[in-house]
Amino acid sequence: MATQVNTQLTPSAESFIRRLYRFAAGPEAGFEFKVRPGGCSGFAAEFDLVGGPRSDAFVWEHEGLRIFLDIESHRLLDGATVDFVETLSHTGFVIKTQGAVPAVCAPTSQLVSIESMVRR
């Protein structure tokens, strides 16, 4: 089901999704994005390229991208900003919500290259 999403993507997050999106196959394909409570930013994110949305997915169309959200992810992302950071201490999505205080993370995080995240 197509829907409006009250979520902002930073240019960095949009750029990362576009880099992966080049490998999406077919007109129904898209970026499946799942968000759960947890992680360094207060949220843990999982993502994958899929051939189409699940029957109960929200389809977020953003600047030519098709982003598929399950019900919980849609709820958690309401009013949030999705960023993507790549530093020596953290690589991945960071979800920012107004008034939320990020969790403190251990300094043992390791840099993971973007190339290792793309299935070939």
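The values are calculated or read from the model by the stated rules, or taken from the named source; none is laboratory data. The structure presented is a predicted model; accordingly, all values stated were derived computationally and were not measured. Cβ placement follows ideal geometry from the backbone for every residue including glycine, while neighbour counts extend to all protein chains displayed.
Taken together, the residues in the range 37-94 that are free of Cβ contacts under 8 Å to residues at least 24 places away in the same chain, hydrophobic (A, V, I, L, M, F, W, C) and touching an Asp or Glu at 6+ places or on another chain (Cβ under 9 Å) amount to 2.
On the basis of being under 14 Å from ALA13 (Cβ atoms), touching a Leu at 6+ places or on another chain (Cβ under 7 Å) and modelled with pLDDT of 85 or more, does PHE31 make the cut? Steps first, answer last, please.
On the way: under 14 Å from ALA13 (Cβ atoms): yes; touching a Leu at 6+ places or on another chain (Cβ under 7 Å): yes; modelled with pLDDT of 85 or more: yes.
Spelling it out, PHE31 is indeed under 14 Å from ALA13 (Cβ atoms), touching a Leu at 6+ places or on another chain (Cβ under 7 Å) and modelled with pLDDT of 85 or more.
A count restricted to the range 49-78 and to residues that are under 17 Å from ARG36 (Cβ atoms) and surrounded by 13 or more Cβ atoms within 10 Å (Cβ to Cβ) stands at 10. The residues of the range 11-37 that are part of a loop (DSSP other than H, G, I, E, B) and surrounded by fewer than 16 Cβ atoms within 10 Å (Cβ to Cβ), listed by number, are ARG22, PHE23, ALA25, GLY26, PRO27, GLU28. Residues satisfying the criterion are present in the range 38-55 (criterion: assigned to a strand (DSSP E or B), under 15 Å from the mean Cα position of the chain (by Cα), among the aromatic types (Phe, Trp, Tyr) and closer than 17 Å to PHE84 by Cβ). Only one of the numbered conditions (1) at pLDDT 90 or above; (2) β-branched (Val, Ile, Thr); (3) not in a strand (DSSP E or B) is not met by VAL82, and that is (3).
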